[in-house]
Amino acid sequence: LAKWLKTDKSMDEAFKLLKLNNVEGDNLLKSPGWGMWTSYASKKDRNNADELIFTVMKNHFGDEGLENIIAKAKTSIFTKDIAAKLQVEMWRSQAKTADEVFTLLKLDQKGRSIFDSYKSTVAVGTWVSFVNKLSKNNEFAVISNLEKRFGDAGLAMMLVEGMKKSSSTVVKGLQELQFKQWMALNKKLNPNAVADKMLKYSNDPRSIRVTLNFRNYYNTKIHQ
């Protein structure tokens, strides 16, 4: 890999040198050279490795062929993660919107229960990856979209409930990002203000957990 980097081999050249162009699409992700090729992509451009991989695969297999590879890869525990990354790149190439992908992942059918199961939380993670790539210059694009759907307090209560049901880093990361956005929008925001904000939802026990979780987040940030 070091030699390829030194001579600036393209991803397509590396693909052919590893003879991956001779591998049938269904077997590509399990072939011996796959790991080396994807490692080369990471070394070549860590921030855009998925896009580099997708572009070469699309050129070799076409849209339909790549869709078939992704569909089959989703069914295996060993390849489902790369399948999700390739799917995100496919949607980007098709100019899908955040709302369209939310629907394609059937998250719109879950209502306020998108964090209530492992399967739907994984789908949320895929959607988050897509939105983050779509809006690289907007750190809070994901939160803004979700708050538009569920309201800021509504989303906050969904997240604390999701954290109780799942150990997913996706849910925890979204809660921290929401709290970060709250503090970015209101520099004077403190735990007492959040407690006051959640008072109108006092009949819902999740409101107390939102206040407590924000207090913990706030205390951590001000002591950094």
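What follows draws every value from the coordinates through simple rules; no lab data is involved. Worth saying up front: this structure is predicted, and the values here are computed from it rather than measured. Cβ sites come from the backbone with ideal geometry, for glycine too, and all protein chains shown count toward neighbours.
Numbers below:
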read-out: Three-way shape call for region 112-214 based on the alpha-carbon gyration tensor, with the a/c threshold at 1.5; value: oblate
read-out: Proximal aspartates and glutamates to Lys188, defined as alpha-carbon separation beneath 17 angstrom and excluding residues fewer than eight positions away on the same chain; value: Asp196
read-out: Ranked list, fewest to most other Cβ atoms within 10 Å of each Cβ, for Leu177, Leu212, Leu199, Leu52; value: Leu199, Leu212, Leu177, Leu52
read-out: Cα long-axis angle, helix 49-73 against the chain (0 to 90 degrees, to the nearest 10); value: 90
read-out: Set of lysines near Lys187 by C-alpha distance (under 18 Å), chain-local residues within fewer than 8 positions excluded; value: Lys197, Lys221
read-out: Region 1-106: chymotrypsin sites (Phe, Trp or Tyr not before Pro) in DSSP coil with no more than 14 other Cβ atoms inside 10 Å; value: Phe78
read-out: FRET efficiency for Arg149 and Asp45, using Cβ-Cβ distance with R0 set to 25 Å, rounded to 0.05; value: 0.15
read-out: Qualifying trypsin sites (Lys or Arg not before Pro) for region 30-115 [loop in DSSP, other Cβ within 10 Å: at most 15]; value: Lys74, Lys106, Arg112
read-out: The chain: angle of helix 80-93 to the longest principal axis, Cα-based, in degrees nearest 10; value: 90
read-out: Cβ-Cβ FRET estimate between Leu189 and Ala141, R0 fixed at 22 Å, reported to 0.05; value: 0.60
read-out: Relative contact order [Cα under 8 Å, 6+ residues apart], region 1-117, whole percent; value: 19
read-out: Cβ-placed point charges (K, R +1; D, E -1), dipole of region 72-224 about Cα centre in debye, nearest 20; value: 180
read-out: Dipole magnitude of region 1-66, debye to nearest 20 (Cβ charges: Lys/Arg +1, Asp/Glu -1, about Cα centre); value: 480
read-out: Positive dipole terminus of the chain, leading residue within Ala73, Asn145, Asn27 (C-beta point charges); value: Asn145
read-out: Cβ-defined net charge surrounding Trp127, 12 Å radius [Lys, Arg +1; Asp, Glu -1]; value: +2
read-out: The chain, relative contact order in percent, only Cα pairs under 8 angstrom and at least six apart counted; value: 12
read-out: Mean separation of Cα contacts under 8 Å, 6 or more apart, over the residue count of region 103-224: relative contact order %; value: 22
read-out: R0 of 35 Å, Cβ-Cβ distance Ala2-Lys30: FRET efficiency to nearest 0.05; value: 0.85
read-out: Rounded to whole Hz, the Karplus (6.51, -1.76, 1.60) HN-Hα couplings of region 114-131, x for glycine and proline; value: 5, 10, 8, 9, 4, 4, 6, 5, 4, 5, 4, x, 5, 5, 4, 4, 5, 5
